[in-house]
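Asker: I have a structure I would like to understand better, so I am pasting it below and will then ask my questions one at a time.
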Amino acid sequence: AKSQGGNRMVAFEQEMREQALLRSSLEADLRLAIERAELFNVYQPVVGLLADGRMDPGAGVEALVRWRHPIRGLVGPVDFIGIAESTGMINAIGSQVLATACRDFVAWQRALGDRAPRLLAVNLSRAQLTQPGLCDQVAAILAASGMPAAQLQLEITESLAAQGADIQQQLLDLKQLGVKLALDDFGTGYSSLSSLHLLPVDTVKIDRSFVSLAASSAHHKVLIEATVLVARSLGMTTVAEGIETVEQANVAHAQGCDKGQGYLYSRPLESAVLLEWLNQRQE
Ligand code: C2E
Ligand code: CA
Ligand code: CA
Ligand code: CA
């Protein structure tokens with residue numbers, strides 16, 4: 001048993017070493033990825049949840065970044081956003097994601113008119129939110145792209161929003177620009193329903209972990225219902241994240257969620273494919 005434990009230790013150390021190697025190689029590659037334009041946006045529809053199971057396909061989209069790595073293939077954000085944050089590369093990446101998304105959104109408006117998505121959601125990371133120049137950067141991107149501020153929704157996570165006075169001020173400054181704010185992954189962090197009124201957000205996105213359990217767990221169903229009631233009383237709208245089944249969609253709608261997002265409606269799509277999706281869905 002002792003030698004087995006020793007083997008496990010060796011395996012563990014090797015695993016750690018491999019992780020560290022992978023990280024430093026990805027870090028070096030990520031610096032080049034920005035210059036070589038290997039990063040691109042995909043867009044996932046966020047639909048309006050209407051009565052009797054119908055949905056409004058034009059409610060909005062969320063921009064999600066992807067990395068086409070020359071050797072590793074497609075790399076998702078969970079594998080590189082952390083590296084980008086700890087190395088400061090997130091500011092360059094974040095502004096590129098935002099600028100591209102705004103340009104794409106304006107192009108959809110031209111191509112689709114009133115059938116275009118009405119809202120563009122873009123994720124902000126902690127490092128971006130603590131950066132003093134963020135508001136000027138967002139304002140410059142809005143001006144350069146012709147993106148209407150009121151149709152941009154910046155998404156922040158719960159843990160971030162609960163931070164100190166400087167982040168609160170940054171959020172208020174962003175709101176001054178006329179953009180909307182959403183609280184992402186609600187339910188996974190430490191803040192709670194009782195502190196929702198302290199945050200200057202317009203929308204609460206209920207985390208997938210609740211939505212996926214809501215069809216089978218009365219407890220999670222009640223948590224969604226309570227979130228919707230509190231959010232609504234504060235004038236906020238709600239989005240159910242990660243809807244994969246019709247049953248989950250029905251529960252989300254029955255509990256009063258305004259919008260839904262998930263594989264049931266669509267996976268994240270490249271811009272041209274999103275245009276097709278929107279064209280096909282409009283009645
Ligand atoms: P998020 O903001 O909560 O985005 C939703 C994630 O859930 C996306 O993963 C999306 O593909 C996935 N998803 C959507 N519907 C379903 C579903 O029905 N089932 C399942 N299993 N998953 C679903 P993705 O694209 O891998 O992004 C992961 C996270 O990385 C995002 O979570 C966000 O926190 C972060 N992220 C993505 N793009 C950016 C970005 O441009 N900037 C920053 N700072 N973070 C980003
Ligand atoms: Ca998000
Ligand atoms: Ca989320
Ligand atoms: Ca998430």
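The values are calculated or read from the model by the stated rules, or taken from the named source; none is laboratory data. The structure displayed is predicted, hence computed values, not measured ones. Don't worry about glycine lacking a Cβ; one is built from the backbone with ideal geometry, like all the others, and counts go over all protein chains shown. Side chains are part of the model used for accessible areas, which takes the heavy atoms of the whole protein and leaves out ligands, DNA and RNA. Shrake-Rupley method; radii C 1.70, N 1.55, O 1.52, S 1.80 Å.
Asker: Would you point out the residue of the stretch 34-65, among those that are in a strand (DSSP E or B) and among the charged types (D, E, K, R), that is least open to solvent (accessible area, probe 1.4 Å)?
Answerer: Step one: filter the stretch 34-65 for residues in a strand (DSSP E or B), giving 39-49, 55-65.
Next cut, among the charged types (D, E, K, R) only: 56, 62.
Working: D56: 37, E62: 10 Å².
Going through the qualifying residues, I end up with E62.
Asker: For the stretch 118-144, how many residues meet the condition of being under 16 Å from the mean Cα position of the chain (by Cα) and modelled with pLDDT of 90 or more? Even if it seems obvious, please write down each step before you answer.
Answerer: Let us first name the residues in the stretch 118-144 that are under 16 Å from the mean Cα position of the chain (by Cα), namely 119-129.
Cutting the leftovers down to modelled with pLDDT of 90 or more gives us 119-125, 128-129.
The number of residues fulfilling the criteria is 9.
Asker: Among the residues of the stretch 168-201, what is the count of those that are within 14 Å of ligand 1 (Cβ to nearest atom) and open to solvent by less than 40 Å² (accessible area, probe 1.4 Å)? Before the answer, list the steps.
Answerer: Going residue by residue through the stretch 168-201, those that are within 14 Å of ligand 1 (Cβ to nearest atom) are 181-189.
Filter once more, keeping what is open to solvent by less than 40 Å² (accessible area, probe 1.4 Å): 181-184, 186-187, 189.
Qualifying residue count for the region: 7.
Asker: Quick check, is G113 free of Cβ contacts under 8 Å to residues at least 24 places away in the same chain, part of a helix (DSSP H, G or I) and either of a type in the set (A, V, I, L, M, F, W, C) or away from ligand 1 (no atom under 12 Å from the Cβ) (or both)?
Answerer: Working: free of Cβ contacts under 8 Å to residues at least 24 places away in the same chain: yes; part of a helix (DSSP H, G or I): yes; either of a type in the set (A, V, I, L, M, F, W, C) or away from ligand 1 (no atom under 12 Å from the Cβ) (or both): yes.
Yes; evaluated as a whole, the condition is true for this residue.
Asker: Okay, moving on. Somewhere in the stretch 251-261, is a residue within 16 Å of ligand 1 (Cβ to nearest atom), open to solvent by 30 Å² or more (accessible area, probe 1.4 Å) and in contact with an Asp or Glu (Cβ under 8 Å, 6 or more places away or on another chain)? Lay out the reasoning, then the answer.
Answerer: Narrowing the stretch 251-261 to residues within 16 Å of ligand 1 (Cβ to nearest atom): 251-253, 257, 259-261.
Now restrict to residues that are open to solvent by 30 Å² or more (accessible area, probe 1.4 Å): 253, 259.
Going one step further and asking which of them are in contact with an Asp or Glu (Cβ under 8 Å, 6 or more places away or on another chain), we end up with none.
Checked the stretch 251-261: no residue is within 16 Å of ligand 1 (Cβ to nearest atom), open to solvent by 30 Å² or more (accessible area, probe 1.4 Å) and in contact with an Asp or Glu (Cβ under 8 Å, 6 or more places away or on another chain).
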